[in-house]
1. Please find, within the stretch 1-27, the residue that is least open to solvent (accessible area, probe 1.4 Å) out of those that are of a type in the set (Val, Ile, Thr) and at pLDDT 95 or above.
2. Test of understanding: among 69, 83, which residue is outside any helix (DSSP H, G or I) and free of Cβ contacts under 8 Å to residues at least 24 places away in the same chain?
3. Those residues that are over 15 Å from residue 116 (Cα atoms) and either surrounded by fewer than 16 Cβ atoms within 10 Å (Cβ to Cβ) or of a type in the set (A, V, I, L, M) (or both), I need them from the stretch 28-54; list them, please.
4. Can you find a residue that is without any contact (Cβ under 8 Å) to a residue 40 or more places away in the chain, assigned to a loop (DSSP other than H, G, I, E, B) and of a type in the set (Ser, Thr, Tyr) anywhere in the stretch 52-61?
5. For the stretch 55-68, which positions are among the small types (Gly, Ala, Ser) and surrounded by 14 or more Cβ atoms within 10 Å (Cβ to Cβ)?
Amino acid sequence: QVQLVETGGGLVQAGGSLRLSCAASGRSSRYAMGWFRQAPGKEREFVAAISSGATTDYADSVKGRFTISRDNAKNTVYLQMNSLKLEDTAVYYCAQRDGMLGRIRASDYAYWGRGTQVTVAS
């Protein structure tokens with residue numbers, strides 16, 4: 001059974017940084033992974049994805065500020081978030097595909113974590 005557990009969320013001031021981690025268990029770590037977020041009253045949106053070969057993709061809103069990376073030996077994916085803005089406030093979810101290539105649609109991901117709250121304050 002695949003399990004994804006996100007950690008690292010919290011309260012941070014605008015302009016600050018946070019690093020989210022997603023620990024995967026239950027199968028090989030070689031699958032593509034993604035980060036999504038959902039703010040209150042809004043739909044879940046794509047943030048970043050990383051393929052099994054470490055090719056990355058980002059939403060325009062986070063490009064240049066967020067970095068996704070993976071450590072296959074630890075079965076963990078990270079999301080380094082810098083220069084955080086108020087509009088980055090959301091619950092952040094980690095997701096894993098059944099394929100090797102990163103995708104931006106939530107429907108392309110088979111497994112999901114329960115999410116971690118990120119709150120950016122002014």
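The values are calculated or read from the model by the stated rules, or taken from the named source; none is laboratory data. This structure is a prediction, so every number in the text was calculated from the model and none was measured. For neighbour counting, all protein chains shown are included, and Cβ atoms are generated from backbone atoms with ideal geometry for every residue, glycine included. Note: accessible area is taken over every heavy atom of the protein model, side chains too, but ligands, DNA and RNA are not part of it. Shrake-Rupley method; radii C 1.70, N 1.55, O 1.52, S 1.80 Å.
1. So in the stretch 1-27, the residues of a type in the set (Val, Ile, Thr) come out as 2, 5, 7, 12.
Checking the rest, the ones that are also at pLDDT 95 or above come to 5, 7, 12.
Values: 5: 69, 7: 73, 12: 22 Å².
It comes out as 12.
2. Numbers: 83 fails: free of Cβ contacts under 8 Å to residues at least 24 places away in the same chain.
Exactly one of 69, 83 is outside any helix (DSSP H, G or I) and free of Cβ contacts under 8 Å to residues at least 24 places away in the same chain, namely 69.
3. Residues satisfying the conditions are 28, 30, 32, 33, 41, 42, 43, 48, 49, 50, 53, 54.
4. At the first step, the residues of the stretch 52-61 found to be without any contact (Cβ under 8 Å) to a residue 40 or more places away in the chain are 54, 58, 60-61.
Narrowing the set further to residues that are assigned to a loop (DSSP other than H, G, I, E, B) leaves 54, 60-61.
Next cut, of a type in the set (Ser, Thr, Tyr) only: 61.
Within the stretch 52-61 (the criterion being without any contact (Cβ under 8 Å) to a residue 40 or more places away in the chain, assigned to a loop (DSSP other than H, G, I, E, B) and of a type in the set (Ser, Thr, Tyr)), the answer is yes, since at least one residue qualifies.
5. Across the stretch 55-68, the qualifying residues are 59, 61.
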